[in-house]
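Shown next, in structure tokens, is the structure this report addresses.
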There are 2 protein chains.
Amino acid sequence: MPNQHARTPDAPVDGASGRIRISVDAMGGDRGPQAVVAGMAAAAAELSDIDFILHGPEPELARLVAGHRGLAERTRLRHCEGVVTMQDKPSQVVRNGAGTSMWSAIESVREREATVAVSCGNTGALMAVSMIRLRKLPGVNRPAIACLWPSRGTGRFNVMLDVGADIRADAEDLLQYALMGAAYARNGLGLTRPRVGLLNVGTEEHKGRAELREAQDRIAAMTETGGFDYVGFVEGSDLPSADVDVIVTDGFTGNVALKTGEGTARLIGEFLREALTSSLPARLGALLAGRALGRLRARIDPRRVNGGVFLGLNGTVVKSHGAADATGVAAALRLAHALAKSGYQDRLAARVASAALSGQDGARQETAHGASP
Amino acid sequence: MPNQHARTPDAPVDGASGRIRISVDAMGGDRGPQAVVAGMAAAAAELSDIDFILHGPEPELARLVAGHRGLAERTRLRHCEGVVTMQDKPSQVVRNGAGTSMWSAIESVREREATVAVSCGNTGALMAVSMIRLRKLPGVNRPAIACLWPSRGTGRFNVMLDVGADIRADAEDLLQYALMGAAYARNGLGLTRPRVGLLNVGTEEHKGRAELREAQDRIAAMTETGGFDYVGFVEGSDLPSADVDVIVTDGFTGNVALKTGEGTARLIGEFLREALTSSLPARLGALLAGRALGRLRARIDPRRVNGGVFLGLNGTVVKSHGAADATGVAAALRLAHALAKSGYQDRLAARVASAALSGQDGARQETAHGASP
């Protein structure tokens with residue numbers, strides 16, 4: 001196939017049928033294909049226009065899918081024997097991974113059979129396969145992984161990126177993360193003009209590493225072209241802030257912050273459970289407050305915001321937690337569905353490419369591309 | 001005074017009287033000297049052997065101290081007019097700060113009138129003044145700030161460092177942080193052989209930045225000399241783990257992680273309050289479970305573990321949160337008291353100096369210094 005990565009972003013393949021088709025890697029998660037198929041069933045029950053292409057060993061998958069009423073009609077199976085494990089090194093998978101379910105799931109997006117791919121597998125391998133098969137968007141140096149973060153704001157979620165695609169990021173990379181994160185917030189969260197902040201150890205202008213001060217200047221100069229506002233440096237305590245929508249950082253810091261936040265939420269959840277079973281009055285109280293506590297649990301449950309999105313590629317990939325259960329997989333599929341439906345990928349491509357072209361002069365030509373929200 | 005920073009660590013000045021004397025900066029916190037003096041009164045009510053030297057404007061402080069019964073008898077006032085604000089740059093304070101309450105509070109430790117200094121003021125300025133007045137311990141390149149982190153373990157707290165003394169750390173610095181953190185855990189938390197982990201984006205050997213892999217090898221080679229165990233790479237989700245006591249990282253990552261954890265705890269606290277006031281049954285339930293919920297609140301209250309400790313200097317300095325109220329100040333004073341009482345500073349000096357001397361050959365001569373727990 002000549003000229004394979006110069007394919008221009010056109011209408012999503014599903015446009016005609018009105019159906020949203022998601023490519024799903026059944027294998028490689030800690031809980032096996034049962035959890036993935038159960039998550040698909042949950043998402044299908046909720047979203048009437050979602051269909052699946054499911055990649056993995058056909059006999060086993062056919063049996064699992066048949067266990068959920070109505071799921072087989074909405075699922076195409078794509079047989080593959082190979083499985084990428086959590087121990088496989090990305091470089092090995094790139095060389096030898098062509099027969100795996102992960103590779104096959106990405107291939108469906110490359111071939112535009114599906115709009116978005118979802119996998120619970122090895123993050124490094126998934127990023128490596130996505131990079132070589134989907135290729136980077138024109139103008140992007142480093143792709144990034146974006147996650148959602150519970151927020152006090154009306155949007156209920158903030159976006160943070162990069163949370164682990166790469167452990168390094170220079171000022172130029174951070175600028176691109178700002179552009180990609182703003183596009184994601186516009187399309188994934190429906191925000192007209194997202195507010196972008198840069199993660200640092202203090203909000204004062206003179207603080208932090210040199211590349212952060214350089215990135216600050218470049219991001220501030222790009223607000224018109226990128227269609228966002230820049231709110232300055234933010235701190236770790238601002239991740240749930242109502243005053244920012246997109247938090248930009250390097251993948252090392254972002255990964256530590258994400259896992260620290262998740263670990264803290266899990267710890268407090270355990271302490272809460274202990275407290276509410278520690279005495280008879282506490283148990284009675286917990287019973288009475290049961291519905292309110294259930295809503296709280298759902299609000300802070302990391303599984304509910306499950307799904308890192310790979311940004312900066314010719315195609316959208318959602319990485320679900322390796323340990324995701326059916327609830328977690330369903331959340332990742334809902335996110336994939338929302339992104340596919342918004343046409344996010346095509347708008348992102350247009351915006352990043354034209355921002356890269358316009359450079360720092362802030363030329364407005366990209367608004368003519370129809371990259372408005 | 002000749003040879004001022006070669007003073008050898010001898011017995012704490014308070015040894016003879018059996019009293020623990022803490023030097024307190026009354027000014028520079030967000031809530032002013034009222035909160036500081038109220039915190040002193042709370043600590044004094046609990047700790048019968050604590051005394052204070054209080055630095056700030058004498059007339060105002062005398063009035064505030066007189067408002068708490070019995071506090072005046074245990075407090076010496078040290079008049080100073082100047083105040084370091086949160087906006088002052090560290091370099092300015094080093095040049096012009098000699099008349100400030102912060103400077104004076106550090107001076108009391110330098111003169112060995114007090115064992116530990118406590119301040120709610122500007123962190124950067126406090127570190128800069130501490131560096132030039134107390135000087136670094138022999139063998140230390142970069143001092144660090146250590147914080148306590150709620151843990152699942154029996155110790156109830158883990159130590160993390162650096163959380164913001166410096167935004168850079170190379171492999172040698174990370175090794176020194178491991179030694180200093182282990183000494184702190186031994187003396188501040190009473191652990192015989194602390195388990196040290198290195199913060200990274202994954203636990204696999206090949207992950208992370210090059211300096212982390214180098215630091216890993218050097219820390220692993222120093223376990224005998226340093227009197228600790230090395231447990232390998234840990235992730236953000238492991239900060240409350242029962243399988244590690246001391247988490248080593250650079251000051252940028254550590255600061256983001258600390259503030260992310262605090263911010264997450266605060267967010268969940270707000271969500272919990274909302275949930276428990278959202279309906280009549282929830283309110284009744286909260287009433288019944290009131291005592292258990294109160295214990296939970298105390299357990300996750302960031303004010304309770306208030307106090308970053310500056311490690312690697314000839315003298316101990318506890319940095320309280322700028323926004324600390326009386327509860328927060330009291331927690332910082334309790335921590336200062338515990339460290340003074342353990343003779344921690346003198347043991348740390350002996351251990352770090354001899355680890356630096358012994359280098360990587362793992363010579364055991366330092367155990368002859370009596371640096372055992």
Test for B:VAL140: is it away from chain A (no Cβ under 12 Å) and more than 26 Å from B:THR85 (Cβ to Cβ): yes
Can you pull out the residues in the stretch B:300-340 that are at pLDDT below 85 and of a type in the set (Lys, Arg)? B:ARG303, B:ARG304
Any residue that is part of a loop (DSSP other than H, G, I, E, B), at the interface with chain B (Cβ under 9 Å from one of its Cβ atoms) and hydroxyl-bearing (Ser, Thr, Tyr) - is there at least one of those in the stretch A:278-295? yes
Kindly evaluate B:VAL231 against the criterion of being more than 8 Å from chain A (Cβ to nearest Cβ) and within 26 Å of A:VAL201 (Cα to Cα). no
Here is a list of conditions, (1) at pLDDT 90 or above; (2) buried (at least 21 other Cβ atoms within 10 Å of the Cβ), and A:GLY28 meets all of them except one; can you say which number that is? (1)
What pairs come out if I take residues in the stretch B:248-269 that are more than 7 Å from every other protein chain (Cβ to nearest Cβ) and pair them with residues that are of a type in the set (Ser, Thr, Tyr) whose C-beta lies under 6 Å away, six or more apart or interchain? B:VAL248/B:TYR177
Applying the selection to the stretch B:238-247, what residues are buried (at least 24 other Cβ atoms within 10 Å of the Cβ) and facing chain A (nearest Cβ under 7 Å)? B:LEU239
Long-range neighbours under 6 Å by Cβ, at least six apart or interchain, first residue in the same structural domain as B:ASP25 (by TED's automatic domain parsing) within the stretch B:127-139, second charged (D, E, K, R) and assigned to a helix (DSSP H, G or I): B:ARG133/B:ARG110; B:LEU134/B:ARG110
Failed item in (1) in contact with a His (Cβ under 8 Å, 6 or more places away or on another chain); (2) farther than 22 Å from A:ILE132 by Cβ; (3) of a type outside the set (Asp, Glu), with A:ARG78 passing the rest: (2)
Selection count where residues are among the acidic types (Asp, Glu), closer than 19 Å to B:LYS89 by Cα and buried (at least 22 other Cβ atoms within 10 Å of the Cβ), scope the stretch B:127-181: 0
Under the condition of being of a type in the set (S, T, N, Q) and closer than 30 Å to B:ALA338 by Cα, which residue from the stretch B:190-223 is surrounded by the most Cβ atoms within 10 Å (Cβ to Cβ)? B:THR223
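Per-residue answers, yes or no, for (1) part of a helix (DSSP H, G or I); (2) without any contact (Cβ under 8 Å) to a residue 40 or more places away in the chain; (3) not hydrophobic (A, V, I, L, M, F, W, C); (4) not assigned by TED's automatic domain parsing to the domain that holds A:ALA336:
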{"site": "A:ALA42", "(1), (2), (3), (4)": "yes, no, no, no"}
{"site": "A:SER48", "(1), (2), (3), (4)": "no, yes, yes, no"}
{"site": "A:GLU60", "(1), (2), (3), (4)": "yes, yes, yes, no"}
{"site": "A:GLY70", "(1), (2), (3), (4)": "no, yes, yes, no"}
{"site": "A:LEU77", "(1), (2), (3), (4)": "no, yes, no, no"}
{"site": "A:THR85", "(1), (2), (3), (4)": "no, no, yes, no"}
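The values are calculated or read from the model by the stated rules, or taken from the named source; none is laboratory data. Predicted model, so just to flag it, every value in this text is computed and none were measured. When we count neighbours, we look across all protein chains shown, and the Cβ atoms used for this are built from the backbone with ideal geometry, even at glycine.
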